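Notes to accompany the following structure.
The values are calculated or read from the model by the stated rules, or taken from the named source; none is laboratory data. Predicted model, so just to flag it, every value in this text is computed and none were measured. Cβ sites come from the backbone with ideal geometry, for glycine too, and all protein chains shown count toward neighbours.
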Amino acid sequence: MDQDREILIALKKGRTHLENVIRMVEDKEYCIDILQQNLAVIGLLKAANGRLMERHLHSCFANVMKGSNEKRKQEMIEEILRINKLSQ
């Protein structure tokens, strides 16, 4: 299975789970059950995010690092560091 397909599957599963979480809140279901489903959504989104980062590192990032534009290399490193901080 290619990486884009894996990313899309994780995101679509996350969307489906999120819709279930919303329904569960609307239906006033047991809080722990809602929390468990919400954590499943978070896990799927984190997995998709990790795959997106891998794709970026192996394509966009790798191509820039092979080049000679030092300014762009530094910008890309800063982008990755910024995204890493946001993900924590």
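What about ASP4, is it exposed (fewer than 12 other Cβ atoms within 10 Å of the Cβ), assigned to a helix (DSSP H, G or I) and within 17 Å of the chain's Cα centre (by Cα)?
The answer is yes for ASP4.
Being within 20 Å of LEU57 (Cα to Cα) and part of a helix (DSSP H, G or I) is a condition met by at least one residue of the range 11-34.
Is it the case, given these coordinates, that ASN20 is among the polar types (S, T, N, Q) and closer than 30 Å to ILE80 by Cβ? In short, no. Summed over the range 71-88, residues that are free of Cβ contacts under 8 Å to residues at least 12 places away in the same chain and exposed (fewer than 13 other Cβ atoms within 10 Å of the Cβ) total 11. With respect to (1) surrounded by 14 or more Cβ atoms within 10 Å (Cβ to Cβ); (2) modelled with pLDDT of 95 or more; (3) not acidic (Asp, Glu), the lone exception for ILE9 is condition (2). The residue that is nearest to GLU79 (Cα to Cα), counting only those in the range 30-62 that are among the polar types (S, T, N, Q) and more than 8 Å from the chain's Cα centre (by Cα), is SER59. I'd like to know if the range 54-70 contains one or more residues that are charged (D, E, K, R), assigned to a helix (DSSP H, G or I), surrounded by 13 or more Cβ atoms within 10 Å (Cβ to Cβ) and in contact (Cβ under 8 Å) with a residue 40 or more places away in the chain. Yes: the range 54-70 contains one or more residues that are charged (D, E, K, R), assigned to a helix (DSSP H, G or I), surrounded by 13 or more Cβ atoms within 10 Å (Cβ to Cβ) and in contact (Cβ under 8 Å) with a residue 40 or more places away in the chain.
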